[in-house]
Amino acid sequence: MIMKLDQLGAFIEDQCWSGYGVAPISDVEVALKKHEGIFEEWLKQGYQAEMSYLESMKEDRYHPENKLPDVKSVVVLQAWYGSEGQGNVAQYARGRDYHKVLRKKLVALSDWLRGQGEGIETYVSVDSGPTVDRVLAEVAGLGFFGKNSNLINPSNGSYFFIATLMTNAEIPATERRRMPGCGDCQRCMTACPTGAIVAPRVINARRCIAYLTIESKEGIPVEFRSMIGNRLFGCDICQEVCPFNEGRAGRQEIRMDELKAESGVGDSLDLAGILAIENDGQFLERFAGLPIMRAKRRGLLRNACIVAGNSGDKSYISPLKTLIQRESDEMLMEHAQWAIKEIENKAT
Ligand code: B12
Ligand code: SF4
Ligand code: SF4
């Protein structure tokens, strides 16, 4: 069955996505073949750190037919996020959990599509599913790979989420416009405080503050702690410095209310309040349904110790001492002790 693009476009517009593109599976397969090699090289270098799920999902990520045998078209959707404040929470994590928000929309889109004809099948995925989101978005014409590895839309920058729907319906491909590239610019590579952008478009997650503060379950190596600065959860430095994002943070039209900072934690979290979270119940009460959940209580408290230490603010010494008395987790105690020392050193 061949689905008309204008009907699909109208439905997507009503759902408040910021944009979309459609690619035929033949183009997707060509791109995935190339990127499978890039991914294997990345794994070989150990740049995935402890994210072993990426490797275990490899077969499905690079072979969409594993999930939908007769896949013909891939619809890739884009949703802007972000706010103006220069806080300690990364832009993408300020609103409600985008996995849930976008997935709900994708399921509604999928139901609608299946209702358009007999035998239409779909498969949907957002971020944590087995899809290589940036590659699919690039093939669908939504942007180009920047040296910071983010997908950049030349008119609107890179502060957007990517979601995917695959279908066995034949949907006409959207037009692909010619994309610029980074040219001689190297701002992100120079600005990254930890040297995580090891070559243009190649990120070593072991050094990336986004990985260290969100995904890592371990203690954060001392060498990176001062470089983390006030980044409590995630990192936007390589996007903030990008000329394609200039004047964009907080000025995009975020069409899904749930993705706006005011629907979630906003741009900043109060450190003393975080250090005082005593148990998982309190953590859940505060962060259920929000991206912050990903770090778990242990990860967020670990990060809060580092940010408190980097602040040099003596008022954090007391909540840090309380944390040391309260917790039995050696990793957390060590981070709090480190923070107290940092604050004391900065005061002398
Ligand atoms: C694992 C992961 C991470 C890891 C690893 C990051 C990474 N760069 O891989 C960590 C935790 C560090 C992370 C951080 C962030 N992430 Co993340 N992450 C992912 C995830 C789950 C997989 C990414 C992946 O496949 N990596 C494997 C490596 C090999 O791919 P890559 O680094 O993207 O590199 C690509 C390009 O650089 C390019 N490339 C490399 N070399 C070459 C050479 C040539 C010649 C060419 C043409 C291309 C090319 O191809 C690579 C892909 O094959 C995706 C969701 C998904 N399911 O795909 C989200 C995703 C990439 N993340 C996203 C976001 C928002 C972020 C953060 C901005 C969050 C934050 N503020 O803290 C940061 C950005 C850090 C950065 N500079 O990348 C968005 C990106 C949206 C966008 N516009 O690009 C995604 C797509 C989630 C989503 N669905 O919206 N992330
Ligand atoms: S997210 Fe931060 S640490 Fe990671 S590559 Fe970008 S600037 Fe570097
Ligand atoms: S900062 Fe410069 S080099 Fe980095 S992604 Fe943006 S345009 Fe490309």
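Each reported figure results from applying straightforward, stated rules to the coordinates on display, with no laboratory input. A quick note: this is a predicted structure, and the numbers were derived from the prediction, not measured. Note that we place each Cβ from the backbone using ideal geometry, even for glycine, and neighbour counts take in every protein chain shown.
Taking a cut-off of 20 Å between Cα atoms, list the aspartates and glutamates near Lys341, but don't count ones fewer than 8 places away on the same chain. Answer for Lys341, where 20 Å is the Cα cut-off: Glu223, Asp313, Glu327, Asp329, Glu330, listed by chain and number. Shape class for the chain: prolate, because the ratio a/c of the largest to smallest gyration tensor axis (alpha-carbon atoms, square roots of eigenvalues) is 1.5 or more and a/b beats b/c. Answer with one residue from Ile274, Ser315, Ala288: the one whose Cα lies farthest towards the positive end of the charge dipole of the range 269-348, charges on Cβ with Lys, Arg +1 and Asp, Glu -1. Checked the options; the winner is Ala288. Annotation: amide H of Lys260 within the under-5 Å range of Arg96, sequence separation 5 or more or interchain, hydrogens built in the peptide plane.
Tilt of helix 330-347 relative to the longest C-alpha principal axis of the chain, in degrees (0 to 90, nearest 10)? The angle comes out at about 60 degrees.
Where nothing but the Cβ of Lys and Arg (+1) and of Asp and Glu (-1) is charged, how large is the charge dipole of the range 197-348 around its Cα centre, in debye to the nearest 20?
Rounded to the nearest 20 debye, it is 300 debye.
Of all lysines in the structure, the ones whose alpha carbon falls short of 21 Å from that of Lys44, not counting any fewer than 8 places away in one chain, are Lys33, Lys34, Lys58, Lys147.
Counting only aspartates and glutamates at least 8 places from Lys314 when in the same chain, those with an alpha carbon closer than 20 Å to its own are Asp270, Glu334, Glu342, Glu344. Label the range 74-177 by shape, choosing from rounded, prolate and oblate, from the square roots a ≥ b ≥ c of the eigenvalues of the Cα gyration tensor; if a/c is under 1.5 it is rounded, and otherwise prolate applies when a/b is larger than b/c, oblate when it is not. Here the range 74-177 falls in the oblate category. When both the range 11-72 and the range 107-139 are represented by their alpha-carbon centers, they are found 12 Å apart.
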